[in-house]
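One structure is given below, encoded as structure tokens.
Since every read-out is calculated from the coordinates, none of them should be taken as a lab result. Note that the structure is predicted; figures quoted are calculated from it, not measured. Cβ coordinates were reconstructed from backbone atoms using ideal geometry, including for glycine residues, and neighbour counts include every protein chain displayed.
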Amino acid sequence: MRDVTDGPNLPRWLLAGDPGWSTTADVIVVGSGIAGLTCALRLRTQVEKVLLVTKTVLSAGSTQWAQGGIAAALDPEDSPEEHLQDTLVAGVGLCDEGAVRVLVTEGPQRVRELVALGAQFDRSPDGGILLTREGGHHRDRIAHAGGDATGAEISRALIDALDRVVNDPGIEVIEHALVVDLLQDASARVCGVTLHVIGEGEHGGVGAAYGRAVVLATGGLGQIYASTTNPSVATGDGMAAALRAGARLADLEFVQFHPTVMYLGEGSQGQQPLISEAVRGEGAFLVDDDGVRFMQGLHPMADLAPRDVVARAIVARMRETGAKHVWLDARHLGKDFLEKRFPSIVARSRELGVDPATQLIPVAPAQHYASGGVWTDLSGRSTLDGLYACGETACTGVHGANRLASNSLLEGLVFADRIAEDITARLAGGDLPPTEALAKDPADGVGLLDAERRLDVQRTMTDGSGPVRSAESTARTAARLRELLADPPGAVTTAAWETTNLAHLGLALTTAAHAREETRGGHERADFPDRDDRQWLGHLDHVRTPEGVFMTFLPQKDADR
């Protein structure tokens, strides 16, 4: 391990009122995507009381937007070993092989359990689960539902299962609640959260939830950019709270920009319509303004190369031609096939004035997935006792520098199950006894970035720490974020908490992007266009202490979990 630089000096707490109410559970699960719901359901069968907290409603997380599917070696001709090799290649040298092996060997059984729970995947004529292919995969191993509504179907099945036990006194659900910060005891063990119920719900205003363990499954940080496929709730709240509490975060600079997001015009902001990689998996291909299939010859898998390869190729072609986007050609697949296989994509595209059956689809890269996050071991434990993380909030080591298509849902499923088993065993063994949270020291708090500065943060990040970065652009971005955070504080509102979280994470991400002088996976440096295994085969970690946030480089050979 070597010290790289001191990162941003962040506060321990966000400014918030004292808790006016409280609740207690054995385990607090924050987030209601595939990771959070799976973890809560598994825990409820084994512990006395689970509290599930979600920011809006149970179905509003990123899982419902997942179009392509869930990857698992379900075909008899496929194997976990082949899935592992495809994942390692996509991760560009930075995957933790042990974590990937857990994913691919336990994944098929977890998917079968999801089916047993009620998830209805698309079926082939012989009744088996219908499998397709996406970028970076050498086998058909993507299970999907409703054509292109896999996430929505998985979310439905999990919520239905939760509804069946929701009247159980052993499970409490609080919707419309934003977790502000983590609570810790005198030994720094995490033992609860402060949260704010947003306008609706059983409780009002700021409260505290106490537990013997906390699981963060709050999703990603997509709203840190002006254009993203992530929903509006993806403001990095769990990652930011963990960073302020002193948990180790890793690989923040590796942000996946999905290559085929529908281009809606210059200046379009917020959640953008994704054109699933599965469309290319079924035979669609990319062309430029002249109709040239520019992926041919650039990679052995051409249009189905790993996402970072395709995104960079699109950006390069746009730069060469001066175009604002490229085109996805799916016309040859035919109207009937497209409407059956991709009903949601076709319907949404037509709403926006593009018919994929008869017209080229304008596409350009946009932020899609955060490969980094809260560092965890193979049981989902963070570096803070009592704190776990899973799903996009976590950095499990599975994705390395670039996530392989459709591994995200599987990761949430597999590691949520592991977390539930680990917490259950630790509770039974007396390893997580009840403890008392320390009171917040107001001197460690901070005023909030005004909510109206959110667009400034997003534009700053997109401009300097977006798909293509440089020393100059990341230095400019870091300086601007520091200026924003030094502004007079805004009012204490939900939007201000979110905006401040985005700025804190943006500053840490940009610090790592500035330090990593190479191009690898989801991190592209215009001034260092090559991969550099001699200097940069490893991970940049952030840990906050009272003296500041320290960023260190951990070589890959020392990074096993």
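Can you figure out the FRET efficiency of D18 with D160, using R₀ = 41 Å and their beta-carbon distance, to the nearest 0.05?
Working: r = 38 Å, r/R0 = 0.93.
That pair, D18 with D160, gives E of 0.60.
Kindly provide the pair-distance distribution of region 415-561 built from C-alpha pairs, with 10 Å bins from 0 and whole-percent values in order of increasing distance.
Taking all Cα pairs of region 415-561, the binned fractions are 10, 27, 28, 24, 11, 0 percent.
Sort largest first and round to whole Å: the equivalent ellipsoid semi-axes of region 346-446, each the square root of five times a Cα gyration tensor eigenvalue.
Values: eigenvalues 322, 75, 33 Å².
Result for region 346-446: semi-axes of 40, 19, 13 Å.
Whole Å is fine, so just give me how far the alpha carbon centre of region 366-420 lies from that of region 479-518.
Their Cα centres are 23 Å away from one another.
Could you compute the net charge surrounding T218? Neighbours are other residues with a C-beta less than 13 Å from the C-beta of T218; K and R count +1, D and E count -1.
Working: positive: K55; negative: D181, D237, E392, E498.
In short, -3.
Find out how many positive minus negative residues lie around E518, taking Lys and Arg as positive, Asp and Glu as negative, among other residues whose Cβ is under 9 Å from that of E518.
Values: positive: R516, R520, R525, R531; negative: E517, D530, D532, D533.
Net charge in that neighbourhood comes out at 0.
What does the extension gain come out to for D126 and A347, with contour length at 0.36 nm per residue minus their alpha carbon separation? If you can, show how the numbers build up before the last one.
Working: separation 221, 0.36 × 221 = 79.56 nm, distance 2.86 nm.
Additional length available on full extension: 76.7 nm.
Given C-alpha coordinates of region 261-365, what is the ratio Rg to Rh with the Kirkwood estimate of Rh? Write down the numbers at each step before the final one.
Working: Rg = 13.1 Å, Rh = 14.0 Å.
Across region 261-365, the Cα-based Rg/Rh ratio is 0.94.
For all pairs of alpha-carbon atoms in region 90-244, what percent lies in each bin of width 10 Å, listed from the first bin to the last filled one?
8, 23, 35, 25, 8, 1
Show that you can apply the helix-only estimate: for the chain, add -39,500 (n - 2.57) for every DSSP H stretch of four or more residues, divide by all residues, and state [θ] at 222 nm to the nearest 500.
Values: 14 runs with 176 residues, N = 561.
Per the formula, -10000 deg cm²/dmol.
Taking the Cα centre of the chain as origin and charging only Cβ (+1 Lys, Arg; -1 Asp, Glu), how large is the dipole, in debye to the nearest 20? Please report the intermediate quantities before stating the final value.
Details: 52 positive and 77 negative charges, 69 e Å.
In debye, rounded to 20, the chain gives about 340.
Beyond 19 Å, how much of the Cα-Cα pair distribution for region 135-192 remains, as a whole percent? Could the numbers behind the result be given before it?
Working: 1041 of 1653 pairs.
Value for region 135-192 (Cα pairs over 19 Å): 63 percent.
How long are the three semi-axes of the equivalent ellipsoid for region 455-525, computed from the Cα gyration tensor as the root of 5 times each eigenvalue, in whole Å, largest first? Before the final figure, lay out each step's value.
Numbers: eigenvalues 118, 26, 16 Å².
The equivalent ellipsoid of region 455-525 has semi-axes of 24, 11, 9 Å.
Please report how far the C-alpha centroid of region 256-335 lies from that of region 87-146, rounded to the nearest whole angstrom.
24 Å
In units of 2.2 N^0.38 Å, what is the alpha-carbon radius of gyration of the chain?
Numbers: Rg = 22.1 Å, N = 561, 2.2 N^0.38 = 24.4 Å.
For the chain, the normalised Cα radius of gyration is 0.91.
Please give the direction-averaged projected area of the C-alpha convex hull for region 7-130, in square nanometres with one decimal.
Numbers: hull surface 49.7 nm².
Over all viewing directions, region 7-130 projects a mean Cα-hull area of 12.4 nm².
Could you pull out every one of the aspartates and glutamates with an alpha carbon less than 19 Å from that of K55, ignoring same-chain neighbours closer than 8 positions?
Candidates past the 8-residue exclusion: D160, D163, E172, E175, D181, E200, E202, D237, E392, E498.
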